[in-house]
Amino acid sequence: YLAKEARTGVELYQPDKDRNSPERLNLLGDLRRAIDNHELRLHYQPKVSLGTGAVQGMEALLRWHHPTHGPIAPSEFVPLAEQSYLMRQLTAYVIEAALEQAAHWWHTGLRAQISVNISARDLLDSALPEQLEVGLAKYGLPPAAIQLEVTERILTGDQAYTQETIKALSTLGVPLALDDFGTGYSSLIRLQGLAVSEVKIDASFVRRIAESEGDDRIVRSIVDLVRSLGLRSVAEGVESDEVAMRLAEMGCDMGQGWLFGQPMPATEATTWLRDHFGTDAKIEYEYPAEV
Ligand code: C2E
Ligand code: MG
Ligand code: MG
Ligand code: MG
């Protein structure tokens, strides 16, 4: 989201695009150290019901403040990690941090589900459901306190292994969302057999709703399809009232974007949750009576 950065005047460090450039390899080394040294932080962005305005949860988004390069966008370092052995370590770190935050919120009455982004490749790792199960137990959280977001690339990837992990997650009760929907090439039909509970419509369509008939129709048909499969739709990149209203009118369930709130550091996100929802944060899952 370079446009946003340009607007705020923050210049982002962009490493050489050449995959094996010394610069990128250096950055990978830095990232490994950053995980160990806790230079990485999660910010949280609210996800809101378009019908009622109730908070549904918060998406955890990674932020890296590099000691010499300054802020580096996840669109720069996540793909770098994805091409290396570091991805599992990065995801493990994010899950642990998110669970810790979820425990903090849940045990003070702010029952906002935290969505964690994972890489499609993380689903090839059978240790993932186990890490979640152990983590949830450690913090005394129900499985729906957390959700995993994964791009629709899982629909085209290594099906057999991926399906096994997805099955284990669904047995555990941790919900799965399909992120950036519409940007890939996957057949919509394949959505059907997949154990996802939520589909996030990519911001590139959503943002242009107000201007373009074509994008309006695309989003409308995705919303209809998602509903007919019994899943929830979430629009990403909602920046204006007009777009939010059009989405609500189409029957889109949730919205996320600057209109509702920017990604915020944990302390700010806590204040935001308290201000907007007190102790009545509503989420659309059935929780065990006692947590
Ligand atoms: P995403 O999961 O699709 O996250 C949504 C992105 O849209 C975030 O960018 C968010 O800051 C941005 N955004 C939110 N509202 C608006 C809006 O109203 N307008 C615009 N223009 N943008 C908005 P961010 O934080 O730079 O993250 C980019 C991507 O990096 C994420 O896309 C996700 O794929 C990846 N990512 C971020 N954190 C993690 C992580 O912890 N693990 C993994 N594997 N990937 C991550
Ligand atoms: Mg996401
Ligand atoms: Mg997305
Ligand atoms: Mg994205």
Within the range 85-120, restricting attention to residues that are in contact with a helix residue (DSSP H, G or I) (Cβ under 7 Å, 6 or more places away or on another chain) and hydroxyl-bearing (S, T, Y), which residue is nearest to E198 (Cα to Cα)?
-> S119
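Just give me the residues in the range 193-228 being in a helix (DSSP H, G or I) and farther than 23 Å from S115 by Cα, in sequence order.
Within the range 193-228, the first condition is being in a helix (DSSP H, G or I), and the residues that meet it are 203-206, 213-228.
Within the range 193-228, E213, G214, D215, D216, R217, I218, R220, S221, D224, S228 meet the criteria.
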Taking A137 as the residue in question, decide whether it is farther than 23 Å from D36 by Cα and either touching a Gly at 6+ places or on another chain (Cβ under 9 Å) or charged (D, E, K, R) (or both).
-> no
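Identify all residues within the range 46-92 that are among the basic types (K, R) and assigned to a strand (DSSP E or B); write none if there are none.
The first filter runs over the range 46-92 and keeps only residues among the basic types (K, R), leaving 47, 63, 88.
K47, R63 - these are the residues of the range 46-92 that are among the basic types (K, R) and assigned to a strand (DSSP E or B).
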With the checklist (1) modelled with pLDDT of 95 or more; (2) surrounded by fewer than 19 Cβ atoms within 10 Å (Cβ to Cβ); (3) assigned to a loop (DSSP other than H, G, I, E, B) in hand, flag the one item E133 doesn't pass.
-> (3)
Scanning the range 190-220 residue by residue, the ones that are more than 16 Å from ligand 2 (Cβ to nearest atom) and open to solvent by 70 Å² or more (accessible area, probe 1.4 Å) total 8
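With the structure loaded, tell me whether K138 is without any contact (Cβ under 8 Å) to a residue 40 or more places away in the chain and either in a helix (DSSP H, G or I) or open to solvent by less than 10 Å² (accessible area, probe 1.4 Å) (or both) or whether it fails that test.
It is true that K138 is without any contact (Cβ under 8 Å) to a residue 40 or more places away in the chain and either in a helix (DSSP H, G or I) or open to solvent by less than 10 Å² (accessible area, probe 1.4 Å) (or both).
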Complete set of residues in the range 221-266 that are farther than 26 Å from W64 by Cα and open to solvent by 50 Å² or more (accessible area, probe 1.4 Å) = S221, D224, R227, S228, L229, G230, D241, E242, M245, R246, E249, D253
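Look at Q147 and say whether it is open to solvent by 10 Å² or more (accessible area, probe 1.4 Å), within 19 Å of the chain's Cα centre (by Cα) and under 14 Å from A98 (Cα atoms).
On the way: open to solvent by 10 Å² or more (accessible area, probe 1.4 Å): no; within 19 Å of the chain's Cα centre (by Cα): yes; under 14 Å from A98 (Cα atoms): yes.
Spelling it out, it is not the case that Q147 is open to solvent by 10 Å² or more (accessible area, probe 1.4 Å), within 19 Å of the chain's Cα centre (by Cα) and under 14 Å from A98 (Cα atoms).
For D179, state whether it is at pLDDT below 95, outside any loop (DSSP other than H, G, I, E, B) and away from ligand 3 (no atom under 14 Å from the Cβ). Working first, answer last.
Details: at pLDDT below 95: yes; outside any loop (DSSP other than H, G, I, E, B): yes; away from ligand 3 (no atom under 14 Å from the Cβ): no.
Criteria not met by D179.
Evaluate the following for L28: is it more than 18 Å from the chain's Cα centre (by Cα), open to solvent by 20 Å² or more (accessible area, probe 1.4 Å) and aliphatic (A, V, I, L, M)?
Working: more than 18 Å from the chain's Cα centre (by Cα): yes; open to solvent by 20 Å² or more (accessible area, probe 1.4 Å): yes; aliphatic (A, V, I, L, M): yes.
In short, yes.
The values are calculated or read from the model by the stated rules, or taken from the named source; none is laboratory data. Please read these numbers as outputs of a predicted model, since none were measured by experiment. Cβ: placed from backbone, ideal geometry, glycine included. Neighbour counts: every protein chain shown. Only protein heavy atoms, including side chains, enter the accessible area calculation; ligands, DNA and RNA are left aside. Shrake-Rupley method; radii C 1.70, N 1.55, O 1.52, S 1.80 Å.
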